[in-house]
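Structure record follows, encoded as structure tokens.
The values are calculated or read from the model by the stated rules, or taken from the named source; none is laboratory data. If you're wondering where the values come from, they're calculated on a predicted model, not measured in any experiment. Methodologically, a virtual Cβ is constructed for each residue, glycine included, from the backbone with ideal geometry; neighbour enumeration extends over all protein chains shown.
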Amino acid sequence: MSTTFTLTEEELDLLPSDDDVFQYQQHGWFLSKKLLSDEETALLESASEDFYAGRLDRPLPARPPKLAYWQPSAGSVQRHNDYIHYEDDRIGAILRKPLLGAVAARLAGTAEIRIFQSTLILKPPAPEEASNIVPWHFDRHYWATSTSERMLTAFIPFHDCTEELGTITMVDGSHLWKEVATNDQTSLHFAERDNSELDQMLDENAAFNNAEVTKIPVVIPRGHVNFHHCLTYHGSGANVGDRPRRAISLHLQDGENRYRDFRRSDGRQVAYNHDVLVRRTPAGTPDYADPDYCPTIWRSAES
């Protein structure tokens, strides 16, 4: 029996309007109203500190080869920890909040939203730390094994997120660009590539589309969420503030998304971390609807 998802009257008022959806379609990103309470963002912060101290509700049963997983031995670098929605029940419960899924569904034009991945992030207040710079990229490059191009990401800071703290920056309208060419390297995560190469890729794609590169740092008030399209270029700068920038990148998939076999030009098969974790479909392929790793967080009553 499928779960019924509902919203309160107050939550219905927080959904994107038709004009908001149009703006998302034109610009490739959307800053929401306040979707999380102060109590929820405070819990995200305290639970994340417990996680960093070693508390886990449900450790991953296997460690995929490209898992981002900061540990104290790594020192004061930018921290990335994948599958936080799986490993921490308190954080996972907030990330599965139906309102987040309902907003994403409105923007993506779909009836169902599932979690695809979640990454806990801490950017330390260290302007000189090279790992704090997130180079220009778009998420779809790393999801080559997914069939959908309607996937999107919710960037959820735990506090007011300012340019000083190194907030996420959008390249406005870049989700509408056509790429210069298919590049085998684009299926590699930005951490596996040189920043200058990614800067060059952004400039080349902009020139190919006769487009200007318009970079917009998104100032996000506490409890608000920035959603961006899976084809929107984005990155972030150094944290020059006096405290860490704490956030979660919640990657979301529409209900139609499925696994596909994707190979580079030399025949090598591309894999996503899920592929060694999720259950198998009857056809034997990774199931991106596995409720443990990719839970449904919204389904409209009409679907």
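Just to verify a result, which residue in region 55-99, among those that are among the aromatic types (F, W, Y) and not in a loop (DSSP other than H, G, I, E, B), is nearest to Y293 (Cα to Cα)?
Here the answer is Y86.
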Any hit, region 80-98, residues being over 20 Å from P157 (Cβ atoms), β-branched (V, I, T) and out of contact with any Phe, Trp or Tyr (no Cβ under 8 Å at 6 or more places or on another chain): no
Can you report the number of residues in region 194-241 which are farther than 18 Å from I121 by Cβ, surrounded by fewer than 18 Cβ atoms within 10 Å (Cβ to Cβ) and over 19 Å from the mean Cα position of the chain (by Cα)? 15
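Residues are listed down the side, and each one gets a yes or a no for (1) at pLDDT below 95; (2) out of contact with any Cys (no Cβ under 6 Å at 6 or more places or on another chain); (3) surrounded by fewer than 23 Cβ atoms within 10 Å (Cβ to Cβ); (4) not aromatic (F, W, Y):
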position: D88; (1), (2), (3), (4): no, yes, no, yes
position: P98; (1), (2), (3), (4): no, yes, yes, yes
position: S131; (1), (2), (3), (4): yes, yes, yes, yes
position: D160; (1), (2), (3), (4): no, yes, yes, yes
Members of region 21-45 found to be part of a helix (DSSP H, G or I), among the aliphatic types (A, V, I, L, M) and surrounded by 15 or more Cβ atoms within 10 Å (Cβ to Cβ), listed by number: V21, L43, L44
Filtering region 115-129 down to residues that are charged (D, E, K, R) and surrounded by fewer than 24 Cβ atoms within 10 Å (Cβ to Cβ) yields E128, E129
Give the residue that is surrounded by the most Cβ atoms within 10 Å (Cβ to Cβ), with candidates limited to residues of region 1-20 that are touching a helix residue (DSSP H, G or I) at 6+ places or on another chain (Cβ under 6 Å) and within 18 Å of N226 (Cβ to Cβ). P16
Considering only residues that are out of contact with any helix residue (DSSP H, G or I) (no Cβ under 6 Å at 6 or more places or on another chain) and part of a loop (DSSP other than H, G, I, E, B), which ones fall in region 224-244? G237, V240, G241, D242, R243, P244
Residues in region 243-259: is at least one surrounded by fewer than 18 Cβ atoms within 10 Å (Cβ to Cβ) and in contact with a strand residue (DSSP E or B) (Cβ under 9 Å, 6 or more places away or on another chain)? yes
Anything in region 166-190 that is at pLDDT 95 or above, of a type in the set (V, I, T) and more than 17 Å from L152 (Cα to Cα)? List them, or say none. T167
Taking W70 as meeting all but one of (1) under 21 Å from the mean Cα position of the chain (by Cα); (2) in contact (Cβ under 8 Å) with a residue 60 or more places away in the chain, write down the number of the exception. (2)
Inspect all residues belonging to region 50-57 and state whether any of them is surrounded by 12 or more Cβ atoms within 10 Å (Cβ to Cβ) and within 12 Å of R246 (Cβ to Cβ). yes
Would you tally the residues in region 246-286 being in contact with a Phe, Trp or Tyr (Cβ under 9 Å, 6 or more places away or on another chain) and basic (K, R)? 3
Take the residues in region 133-149 that are hydrophobic (A, V, I, L, M, F, W, C) and surrounded by fewer than 20 Cβ atoms within 10 Å (Cβ to Cβ); name whichever of them is nearest to the chain's Cα centre (by Cα). A144
T281, sole failed condition from (1) of a type in the set (V, I, T); (2) surrounded by fewer than 16 Cβ atoms within 10 Å (Cβ to Cβ); (3) touching a His at 6+ places or on another chain (Cβ under 7 Å): (3)
